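> Below are the structure tokens for one structure; questions will follow.
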Amino acid sequence: MRNYIVFIFVFLSLTVFGQGTKLTTSEFNAFKQKVEKETQSLTSIRTDFVQSKHLAFLSNDIESKGKMFLKSDGTLKWEYSSPNQYSVIFKNNTILINDNGKKSNVSGGSEVFKKISHLISGSVSGKLFNDKEFDVVCFKEGEDIVAHLTPTNNTLKKYIKKVYLYFPKNETTVSKVRLIEPSDDYTLITFINKELNVKIDPNIFNN
């Protein structure tokens, strides 16, 4: 199971490029309430993504591209198309993997699985503000609001050092996700052509 956990976080990590102006308590509460209100009606997200993975022992970052599908119940699929075909589905407490036609699954009844699944779906949709397992501070960086999430849960601390969620001006779903691993390796995922509340074929989530 640990190998799969390590894999999952290999495509979700980052470093800090600097902080902007910290939101005041009233600004933070207003932004939080806006995100919570608007994401209550969120039923689905379909988006392309570009992922850049930084590993300290490599001179160049690893870039991947693909599509992501998310339903409001937390069902989630990452589908890589470049440089390799690879998909990971989080569905009904199970991880479904398709590695260029080689299929496998991992039952996820453990606490770790549930926390990771919740983290990933919550990061994409922006629904992590009330999660008691993170300390949340928001900053204004240019036109973006950036939420800095630090895990307080000891289980999550083994895999995550920090999570950054980038909200563009006047938007309540994230445009980028950054996540730092304890090793300080990181990944930046940028979402492109994002579509909200679209109908997603249920077969998308079959392995």
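Readers should treat all values here as calculations from the given coordinates under stated rules, not as data from a laboratory. Just so it is clear, the model here is predicted, and its values are computed rather than measured. For neighbour counting, all protein chains shown are included, and Cβ atoms are generated from backbone atoms with ideal geometry for every residue, glycine included.
> Check Lys22: other-chain or 5+ apart residues with amide H under 5 Å from its amide H, H built from backbone geometry?
Those lying under 5 Å, H to H, from Lys22 are Lys140.
> Could you work out how far the C-alpha centroid of the stretch 31-75 sits from that of the stretch 128-169, in angstrom?
About 14 Å separates the Cα centre of the stretch 31-75 from the one of the stretch 128-169.
> Ok, one more. Stretched out fully, how many nm does the piece from Glu171 to Ser183 gain, at 0.36 nm a residue minus the Cα gap? Please list the in-between numbers first.
Numbers: separation 12, 0.36 × 12 = 4.32 nm, distance 3.15 nm.
Result for the pair: 1.2 nm of gain on full extension.
> Something else: Given a cut-off of 20 Å, name the pairs among Lys71/Lys169; Lys65/Lys162; Lys67/Lys91; Lys140/Lys169 whose C-alpha atoms lie farther apart than that in the structure shown.
Details: Lys71/Lys169 24 Å; Lys65/Lys162 23 Å; Lys67/Lys91 17 Å; Lys140/Lys169 10 Å.
From Lys71/Lys169; Lys65/Lys162; Lys67/Lys91; Lys140/Lys169, over 20 Å: Lys71/Lys169; Lys65/Lys162.
> If you don't mind, another one. Could you check the spin-label model distance between Glu36 and Thr190? Points 7 Å from the Cα along Cα→Cβ, value in nm.
3.3 nm
> What does the charge count near Ser26 come to, summing +1 for each Lys or Arg and -1 for each Asp or Glu among other residues with Cβ under 14 Å from its Cβ? Please report the intermediate quantities before stating the final value.
On the way: positive: Lys22, Lys32, Lys34, Lys140; negative: Glu27.
Neighbourhood net charge equals +3.
> Between Asn84 and Lys22, with labels modelled 7 Å along Cα→Cβ, what's the label distance in nm to one decimal, could you check?
Once both label points are built, they end up 4.2 nm from each other.
> Compute the FRET efficiency between Ile97 and His118 as 1/(1 + (r/R0)^6), taking r as their Cβ-Cβ distance and R0 = 25 Å, and round to the nearest 0.05.
Details: r = 19 Å, r/R0 = 0.76.
After rounding to 0.05, the efficiency reads 0.85.
> Another question, if that's okay. Among Tyr86, Tyr159, what is the fewest-to-most ranking by other Cβ atoms within 10 Å? Let's see the in-between values first.
Values: Tyr86 18, Tyr159 21.
Listed from fewest to most nearby Cβ atoms, that is Tyr86, Tyr159.
> Go through 180-191, 131-142 and give me the packing order, highest mean Cβ count within 10 Å leading.
By packing density, highest mean first, the sequence is 180-191, 131-142.
> Want the number for Asn197 to Lys140: 0.36 nm per residue separation, take away the alpha-carbon distance, what's left?
17.8 nm
> Would you please put 55-62, 42-49, 144-151 in order of how densely packed they are, using the mean number of other Cβ atoms within 10 angstrom per residue and starting with the highest? Mind dumping the intermediate values first?
Numbers: 55-62: 9.9, 42-49: 18.5, 144-151: 21.0.
For the peptides 55-62, 42-49, 144-151, the packing ranking is 144-151, 42-49, 55-62.
> Express in nm, to one decimal, how much length is gained between Leu55 and Asn206 on full extension, taking 0.36 nm for each residue of separation and deducting their alpha carbon distance. Kindly include the intermediate steps, with their values, before the conclusion.
On the way: separation 151, 0.36 × 151 = 54.36 nm, distance 3.13 nm.
Extra length available between Leu55 and Asn206 comes to 51.2 nm.
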